[in-house]
Every structure is written in C-alpha cells, then in structure tokens.
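Report on the structure given below.
The values are calculated or read from the model by the stated rules, or taken from the named source; none is laboratory data. Here the structure is a predicted model, which is why all the values come from computation and not from measurement. Backbone-built Cβ (ideal geometry, glycine too); neighbour counts: all protein chains shown. Remember, those area values only see protein heavy atoms, side chains included, never the ligands or the DNA or RNA. Shrake-Rupley method; radii C 1.70, N 1.55, O 1.52, S 1.80 Å.
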Amino acid sequence: MSDSKIKAPRGTFDVLGEDAAARSALEARARAILEGAGYERIETPAMEATELFARGVGASTDIVRKEMFTFEDAAGRSLTLRPEGTAPVCRAYVEHGMHKRRQPVKLWYLSSFFRHERAQAGRYRQFWQVGAEALGSEDPAVDAESIVLLATLLAELQVREVRLRLASLGSTESRSEYRERLQAHLRANEQELSEDVRSRIEDNPLRAFDSDHPGTRAVMEGAPRLLDHLSAEDAEHFAEVRALLDVAGVSYEVDSTLVRGLDYYTRTVFEFTSDALGAQSGVGGGGRYDGLVEQLGGPPTPGMGWAAGIERIMLAGEAPPTAPAPVELFVAIEHARADVRRAAFSLLSEARSAGLAAQMDLGGRSLKGQLGQAGALGARFVAIVGDGQTTLRDMQGGGQTPIATGAVVHAVLRGHHAL
Ligand code: ATP
Ligand code: MG
C-alpha cells in the first residue's frame, strides 16, 4: 500500500472481539436490572445545542470549561458532542412533555459520551456510560432505589473493591448560604491555595474539596462542611435515604468532602469507587438535581440519577464468561456449484426462520475446510448439501444419515434423537 495507515483518533478505540462480547453481556445485565425496576430505555442524539450543557452542566465546571467537543454547523449554530447524559435526558423530558405522564418517569441509557481529556488508562475522549434517571419525585425512596440499582449492577458484574461514598448538598438555598461561608474560609487562607482553586473562589468554591494540591488540602481540612449546615428538611431527607440504604443492605461511608463535578446537584450525591482501578478510581456516581429541569425551561421537577463508566466497570470487574452463542446447524456444500450453493443458502434461511443459530461457509472453502470450520465453531449438526442429496451429521454423537433437504430443520429441532 502506498499511503500511510490511518488510525483511530487519540483517546478513542475500536470495540471488537472479546471486548465487544463482554460489553453485550454487560448491557444485558444492565437492561435486566433496570427494566426490571421500571426504567425505560432512552437514547438521545450524540450532539446537542451547546447551550444545553452551558446552562445545564454549569459554565464553571471542568466539563464546560475545558472538556467539550464543540463545533459550528453550516448554519453557524453551536453544537456539542454530548459530554454527559443527564442534561440531554432532562431536555427530552421537557421536549416530550413527560411531566404529563405518571411520575416519576424512570429512564435508562447506555451510550457513548465525548470529553476532551488527557487520554490514559480508564480515561478516554469517547467512552461509554450506563445511566439511569428518575424524574418527577423527591421521595427519598427514589434516591435509595437508584443507588441500590447501581450497587446491584456493580455487584453482579463483580466489580472489585467497591466503595460507596455518600453526602447531601442540601437545597439550593442552604447551599448558597454555605457557599458564602466556604468562600470566606478560602479567602482567609488564599496564600496557601493552588492557582486553580484561587481562580474559582468566586464561581465554584466547592471544587476546592477535589484538589490534590497539598496546600489546598490542608486548608480544606479546616473548612466548614456543608453536611453540618443542612436545613432540617434536607437533613431529614438525607437521614431517610441512609435508613433505606441500611434496610437494603448497601454499605456506604458518609463523606462530607464529597462534591460532584457538576453544578446541578442538590441534596443526595454519591460516588462508587474501586480501589482496583488506581488513579482513575471513579466507577460511577450521581445524585439529585431538583432544579435542573426548570433551568432547562421545563416545569419545576425533581430528579435523581447516576452514570457509570463502562470501561472502568470492565477494568475493575472480573471478566464475565464470554462463550459465543453455539452454532446449532452448519450448512456445508459438497460441490461449489451454483444450484447446490443456492439449495444450501435456502436451507440456511429456513433454519434461521425456525429460530436456529445457523451458519454456512462464505469463504469458498473445500468440503474438508468447511467441516473444519464447523468443528471450530462447535456446531452441533452439519448438513452437507450435495447433488440432489443431503447428509446430516451429528457432531456430538458422530453418526450421520442421508436426509431430504426439506427435513433437515425438523431433524435438528428434534435434536439427536433424529439420528
Ligand atoms: P473523573 O473524576 O474520573 O474525571 P467524573 O467525575 O468526570 O470522573 P462523571 O462525570 O461523574 O465522572 O461520569 C460518571 C462516570 O463516567 C465516571 O465515574 C467514570 O466511570 C466515567 N467517566 C467519566 N469520564 C470518563 C472518561 N473520560 N473516560 C472513561 N470513563 C469516564
Ligand atoms: Mg472528569
């Protein structure tokens, strides 16, 4: 080849082979757990108006400040590849008038997301998340159910060394009072703080809790904690969420330094981490966002949800068994002649219509090669279609018998008793 090879862009990857099979298994588990709990699948577009994330996720967040893939379409409108799923789901809730349905409306997704990040193990520019959102109820049971579902999913997928941290950020009002208290503390210790934290005292002081900078960490040790300043109502809501997690047998640590990277959270916030992951330890997290729908132009609507990273689940999980579906019938041809090939192809279609997992050779192999391929696929039966006659071979029992081509499917469906 004369030209140099083209590779997938930095921070992106192809999904194939065992990885693809493991993802399908994961998706099947997620669907069973979430749809079993009344969550319906939703898929939103890969791109949205940039305004959705600027308004929904918050202009001072890392995501909006530096991680979005934003571009203009031909008409000059600003579009962004979705960096997260909650704002798009809320947009869809408003756009489709879902507040008129019975509440809460519970939706789940498994989609890819895009963030312009420094690519490394467990951190990519296109990655997948499974997520669940429940809109329209502020019942603490919604919070607890949502958290229990993610705990169940991670347990079933055998994600190792999982820890759950939990906190409450209170309502928007108690949070803004607290913000001022925290800002005063940060200003009083400004010299010790990192450049980044100092620049965000005004617009995002809570992020200081996430800093790795030693000076900032020391200042944060002595910082006031939001959990100590919740309103009576918020404290009661949080206590009930904890009580419900207790009865569900989900263990957690209350962590007053837990703040999530998105602006929209209110009340419950949580994060699952895995100590098996090293630096990128976040497996999934979420919380309540009672003001978000309204902020996006909808009616006042409480909401609660989470998202978990598929790649990190797989990195921290025990690899699930990925045995490919067994081939029940392999259709081989005795002669490479058009009429024989057509008869075989017709048998293949008939077998599939009858619900059998069936395959035939597509590589122009000799009969010997085809039988080798059937063996490699672990085929249960092989039908060798010949010139006016067909032979059915039982690959387990070893017997074989001449059979009318039209009777093959019936015989395979009846299993080995046929031979
Ligand atoms: P982190 O602290 O690792 O940057 P985050 O707080 O940005 O995570 P969220 O926005 O809460 O993550 O997304 C939920 C989950 O999605 C994370 O816990 C993680 O498993 C996964 N995730 C987030 N960003 C990436 C990425 N760039 N590549 C792969 N997975 C990611
Ligand atoms: Mg991040």
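Computed values, structure above
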quantity	calculated
Residues of segment 99-157 classified as within 16 Å of ligand 2 (Cβ to nearest atom) and in contact with a Lys or Arg (Cβ under 7 Å, 6 or more places away or on another chain), total	8
Lone unmet requirement of (1) open to solvent by 20 Å² or more (accessible area, probe 1.4 Å); (2) within 16 Å of ligand 2 (Cβ to nearest atom); (3) of a type outside the set (D, E, K, R); (4) in contact with a strand residue (DSSP E or B) (Cβ under 8 Å, 6 or more places away or on another chain) for residue 252	(2)
Residues that are within 16 Å of ligand 2 (Cβ to nearest atom) and among the basic types (Lys, Arg), drawn from segment 256-301	260
Residue that is surrounded by the fewest Cβ atoms within 10 Å (Cβ to Cβ), among those in segment 119-146 that are within 9 Å of ligand 1 (Cβ to nearest atom), under 29 Å from residue 97 (Cα atoms) and not aromatic (Phe, Trp, Tyr)	129
Test result for residue 17, open to solvent by less than 60 Å² (accessible area, probe 1.4 Å) and either closer than 30 Å to residue 205 by Cβ or not polar (S, T, N, Q) (or both)	yes
Residue in segment 104-118 that is nearest to residue 71 (Cα to Cα), counting only those that are surrounded by fewer than 17 Cβ atoms within 10 Å (Cβ to Cβ) and out of contact with any helix residue (DSSP H, G or I) (no Cβ under 7 Å at 6 or more places or on another chain)	112
Boolean, residue 71 is within 13 Å of ligand 1 (Cβ to nearest atom), at pLDDT 95 or above and under 25 Å from residue 117 (Cα atoms)	no
Of all residues making up segment 1-46, the number that are outside any helix (DSSP H, G or I) and within 23 Å of residue 141 (Cα to Cα)	6
Residue list for segment 47-87, restricted to those being loosely packed, with under 15 Cβ neighbours inside 10 Å and assigned to a loop (DSSP other than H, G, I, E, B)	59, 73, 74, 75, 76, 77
Criterion (among the charged types (D, E, K, R), away from ligand 1 (no atom under 14 Å from the Cβ) and in contact (Cβ under 8 Å) with a residue 40 or more places away in the chain) met by exactly one of 236, 253	253
Residue check for residue 67: within 16 Å of ligand 2 (Cβ to nearest atom) and acidic (Asp, Glu)	yes
Residue count, segment 336-348 (criterion: open to solvent by less than 70 Å² (accessible area, probe 1.4 Å) and over 12 Å from residue 408 (Cβ atoms))	2
Elements of type strands (runs of 3 or more DSSP E) in segment 365-419, at least 1 residues being over 12 Å from residue 329 (Cα atoms) and aliphatic (A, V, I, L, M)	381-385, 400-403
Residues (open to solvent by 60 Å² or more (accessible area, probe 1.4 Å) and either within 18 Å of residue 221 (Cβ to Cβ) or aliphatic (A, V, I, L, M) (or both)) located in segment 163-199	181, 187, 188, 190, 191, 192, 198
Near pairs, Cβ below 7 angstrom, 6+ apart or cross-chain, from segment 64-85 (of a type in the set (A, V, I, L, M, F, W, C)) to any residue that is within 16 Å of ligand 2 (Cβ to nearest atom) and modelled with pLDDT under 95	64/57; 64/58
Test result for residue 308, open to solvent by 10 Å² or more (accessible area, probe 1.4 Å) and out of contact with any Ser or Thr (no Cβ under 6 Å at 6 or more places or on another chain)	no
Count of residues meeting criterion [within 10 Å of ligand 1 (Cβ to nearest atom) and at negative phi] in segment 287-317	10
